1. Looking only at the range 279-309, how many residues end up being exposed (fewer than 13 other Cβ atoms within 10 Å of the Cβ) and either under 28 Å from Ile213 (Cα atoms) or touching a Lys or Arg at 6+ places or on another chain (Cβ under 6 Å) (or both)?
2. With respect to the numbered conditions (1) modelled with pLDDT of 90 or more; (2) surrounded by fewer than 16 Cβ atoms within 10 Å (Cβ to Cβ), which one is the sole condition not fulfilled by Leu230?
3. For the range 499-517, give me the residue count where each residue is among the charged types (D, E, K, R) and either at pLDDT 75 or above or not in a loop (DSSP other than H, G, I, E, B) (or both).
4. How many residues does the range 620-651 hold that are touching a residue at least 24 places away in the same chain (Cβ under 8 Å) and within 36 Å of the chain's Cα centre (by Cα)?
5. Inspect the range 681-701 for any residue being assigned to a loop (DSSP other than H, G, I, E, B), more than 22 Å from Gly526 (Cα to Cα) and at pLDDT 85 or above and give the result as yes or no.
6. Test of understanding: among Asp749, Asp730, which residue is touching a strand residue (DSSP E or B) at 6+ places or on another chain (Cβ under 8 Å) and under 30 Å from Asp684 (Cβ atoms)?
7. Quick one: which residue in Pro127, Pro153 is at pLDDT 85 or above, over 60 Å from the mean Cα position of the chain (by Cα) and either part of a strand (DSSP E or B) or within 20 Å of Ile60 (Cβ to Cβ) (or both)?
8. It is to be established whether one or more residues within the range 178-189 are surrounded by 15 or more Cβ atoms within 10 Å (Cβ to Cβ), modelled with pLDDT of 80 or more and not charged (D, E, K, R).
Amino acid sequence: MSEIPAKATESEDPSDGARAETASALACDAGHTLADGEGEVPVGDALWQSSPPGSIYDYIRVASFSIGPDGLVDQWSLRAEQIFGIRADRAVGMDPIDAFVDPDRRERGQRKMAEILDGREWTGVVPFRMPASPDAGDGARGEQGLAEVYVMPTRTQEGEKAAVCIVVDVRTLRSIETDLAASQAIFGQSPFGFLLIDPELRVRRANERFASIFGGTPDDHRGKGVHDYLPRPEAERVSAVLRRVLETGDSITDMHVTGFVPGSEERRHWSVNLYRVHSGSGRPIGIAWLGTDITARRAAAREAAAARRNLALLNEAGARIGNSLDLETTARELLDVVVPGFCDLATVDLYQGLLAGDETPPGLADGSAELRRVAFSSAVSDGPLTGSGTDVAVGAVHHFPFNSPHADALRTARPASIPGEEGGLVQSTLAIPMVAHDTVVGLAQFSRTKGSEPFGDRDRDLAVELAARAAVCIDNARLYRREHERALMLQRSLLPPGDPVASGLDIACRYLPGSVASGRPSEVGGDWFDVIELPGHRTALVVGDVMGRGLRAAVAMGELRTAVRTLALLDLEPAEVLSALDEIARGLGTPGGVQQATRAARRPREADLSEVYLATCVYAVYDSVTRRCTFANAGHLPPVLVEPGEPALMLDVPPGMPLGVGGEPFEEVEVELPEGALLALYTDGLVESRDHPLDEGLQAFVGALTDPTSPLEDVCDHVLNTLDTHHGEDDIALLMARVQGLPADSVGDWTLPREPRSVGRAREYARGQLLSWDLEPLVDTTELLVSELVTNALRYGEGEIRLRLLLDRTLVCEVWDSGLVQPRRRRARDTDEGGRGLQLVGLLSAAWGSRRTPRGKTVWFELPLPDGGSGLADPAEALLSLF
């Protein structure tokens, strides 16, 4: 609200003084509206200012209006419009009593108005009601209010009696009183030093807390500046900050200020918050200073600085040491933490015997065993640290003299402080034995060069803690390496040796452990593959993956692989093999086997205690005679087929549930493979990676199979090289087979009627076929065995009899009939006239057996070829041996 300096006027007429007061009030009321430019504009004897000075009128809502001789409003100020909400064109001509006073008080109001117009002054608190808006309906009443009214008589130019009214909203006055009381309480009772600084950067007001620190009463600090409290450089800095806050309005939080208090030479520190303060009209009137003493906190911070640095080193050690299961990498991680943050040079020596896998190498107890330097780091030199009088390079094997402090530290498992050599670079060294699980695994040395602070007790304790953490990680890496190597040996011993050989298939395979693929150690996985020869020149191709890592997965893989081979030799259908394998997988984690696992599944608490073994597997059986392949899948990735002249495609084999889940049957899909086609079975390590989706890896694998006519070994190498950037975290198993069906002239197939003459015909067919194959040495044995099988089919079988001879790496003879009863070999007594046929088959053949077929059974035997290196049993001697 603008202040208007005016000359005092004297008048014998009381109305003259009232008129002057009215003019001043009206001028105050209109001060905001008459100032229409910046700067100061003189008007008569008054000086109008363009911005309010921040007086109380900025906060108190004061309005004025005048009443004419007729008792009606003849002037209405702008502030009155704001308070009452009535425009001047509507207010002028109103009867204020009728407009604002309740009906039950209007009679008294009219008397007061008459007294006022008669020349009497009046002051009082009047309840009023604002007139209803013109848009309100009939009977609407305005808002209730309470006003403090100052009424002063005056006269018009014509000499008629009139009145000027000054109105203040009482609610605003009460709010101001409350705000002042709250402000006083906050300012006076604040536990922090509180200052109000004016735009000239002088203290306008200080609270008791500030005065108690700097002496005197709060009034004694009024008018002082920051130079009265702070040294000159600090005062200049703080003054610049105060000016910036005053100009920009940006607050400052936790500004640290350093100075002294009267009567003390101790340096004190304060944390200061600054913010700009505004008047009710928004004009900046100063800066609020809120400060608290942080001297004790700073002292505690200095005391804790070393501890924080140590904790930071320990935290960094916890985050960086042990991220790898490689011994050398773990040792380097320790040195990366301590150099140069803790020391200038450092080395790590580990016992050579422990690195080689020995649990208790000679000399371990007395500290004289050989050590290998696995890591060195320096912030000042590239040369190796001299520990025993000679330089030791990284990777070199050495030992410390028996009477040296290094050997003593290894013997006693206690740290040793070693002074630097005269004229050398090193000032002092800490030899810290690396102890893990009560076993010393090596020695860490930390050295500081001349010019650095010597090691203290706190440094030694920190070095022991760092070495202990690294020792545990190194020992874990050592144990992991040992177990990893054993698991890898176990895993490789369970895989097929060399390149498997199968009838009608050219096979190539690859197996890469995860550590080889990624270039860093990783746990052994449960990937496996197998090629199993079945009767009738058929071949089972198997690829599987046990979920999980480590020795547990490798052992589970071995059990499942053995079970697959056993089930395959029973000549079951692929879906039946997977169903039986699923039962076996469910029993692996339970000591009682499948039945106990089934019972545990019904009791959730016991099910939680049993291990769960899950695996994926694809099982395929290829018949080299028909070139048909039957697939069954247990949650594995689909096989890939490349036909000559066609792009590679993934076979649509229903995936089924993984082994170990149970409850779901498996489906079979039969596919005829053309001559020269390429079939690829693989595990997810080849195509899956955390860097890209599985679909992207599958497409990359399919795209890599572009030339199926190349040698299979080259195709395997091409796939692995192409997908090298797509794998590495898991083991990789790849099994590829090129189809080479059995030629038609290598198959002899006849159907025989169910009559006794078929035995002779079978011998004739077999003799003629073997002679055409130039296998005359096998004729007599084959005739005898064919005669036995056909005779058994006539006696115990059903339906037509089918005889088939297959020539590949061996000679296979098969006799089919529709009977479901499997032949059983038994031992005949000396007096029995029969029962020796299958014994004879077993004596004269390399292998024999029977299997079920969709329409009956097949009994077969296998004979080695004459040039195969294995001799044939003489039929006559075999017959005599049965009696």
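The values are calculated or read from the model by the stated rules, or taken from the named source; none is laboratory data. This structure is a prediction, so every number in the text was calculated from the model and none was measured. Note that we place each Cβ from the backbone using ideal geometry, even for glycine, and neighbour counts take in every protein chain shown.
1. Summing the residues that are exposed (fewer than 13 other Cβ atoms within 10 Å of the Cβ) and either under 28 Å from Ile213 (Cα atoms) or touching a Lys or Arg at 6+ places or on another chain (Cβ under 6 Å) (or both) in the range 279-309 gives 8.
2. (2)
3. Of the residues in the range 499-517, 2 are among the charged types (D, E, K, R) and either at pLDDT 75 or above or not in a loop (DSSP other than H, G, I, E, B) (or both).
4. Final tally of qualifying residues: 9.
5. No, because not a single residue in the range 681-701 is assigned to a loop (DSSP other than H, G, I, E, B), more than 22 Å from Gly526 (Cα to Cα) and at pLDDT 85 or above.
6. Asp730
7. Of the residues listed, the single one that is at pLDDT 85 or above, over 60 Å from the mean Cα position of the chain (by Cα) and either part of a strand (DSSP E or B) or within 20 Å of Ile60 (Cβ to Cβ) (or both) is Pro153.
8. Scanning the range 178-189 turns up no residue that is surrounded by 15 or more Cβ atoms within 10 Å (Cβ to Cβ), modelled with pLDDT of 80 or more and not charged (D, E, K, R).
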